[in-house]
1. Roll a 1.4 Å probe over the protein heavy atoms and report the accessible area of D50 in Å², nearest 10.
2. Points 7 angstrom from Cα along the Cβ direction at N163 and A30: gap in nanometres?
3. On a 1.4 Å probe surface of the protein chains, which of H120, H195 comes out largest in accessible area, and what is the full order?
4. Using the Cα centre as the reference, give the magnitude of the dipole from point charges on the C-beta atoms of the chain (Lys, Arg: +1; Asp, Glu: -1; all else neutral), rounded to the nearest 20 debye.
5. Ranked from the most accessible area to the least, with a 1.4 Å probe and all protein chains present, what is the order of M29, M185?
Amino acid sequence: ATAGYKAETTAFRTSYVNGPGAAARAYAMASSDGADVSAGAIRPTGRELDVAIEGEGYFAVQALDGSEAYTRAGSFRISPEGELQTRSGLTVLGEGGPLSIPANSQVEIGADGTVLAVEHGPTARNVQVVGRLKLVTLDRATLVRGGDGLFRSRGGEASTDANVRVVAGSLEESNVNPVGAMVEMINLARQYDLH
């Protein structure tokens, strides 16, 4: 039920035991793990800081180690210092670095990721362009899921993709089908018993 979560995938391969003895000795070894990056359903929330990516793409965030990482979880908040962050406290990156939101302003996010701060004054409404979310697309062949649940690219930092579109006031749901996963788990357990 985690917003933007991508199902984990693992592949196994046969690995033969080296050393004296029969050459037919083998065991299963996890050869790769990754993620099913298919999109989840987009659910409207009406919250101004909830943003879902439409189609392919990722939000750029600053991981705890300071590196750039990517996520589909678009439930943001504003820190006490005015910095746009994920719900887990990671800094959301714009095209020019972290995004700072002016105090006492309402945030609006456009379909292209442009972040506007709307300040309501006594006589007028002031609109300030804060920046634009860094939205990227990643090549599935170089995509790596980290232990922190964030994605990274083996090729280094990804460049901004102007074609990525977002839907404000919505969140992408997890792409995991709990019933399907449970049926598959039961099926695999029965196959194991059969063998």
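1. Probe radius 1.4 Å; accessible area of D50 about 10 Å².
2. 3.4
3. Output order, biggest surface exposure first: H195, H120.
4. With only Lys, Arg, Asp and Glu charged at Cβ, the dipole is about 420 debye.
5. I get M185, M29, largest accessible area first.
The values are calculated or read from the model by the stated rules, or taken from the named source; none is laboratory data. Since we're looking at a predicted model, the values are computed, not measured. Cβ: placed from backbone, ideal geometry, glycine included. Neighbour counts: every protein chain shown. Surface accessibility is based on the protein's heavy atoms, side chains included, excluding ligands, DNA and RNA. Shrake-Rupley method; radii C 1.70, N 1.55, O 1.52, S 1.80 Å.
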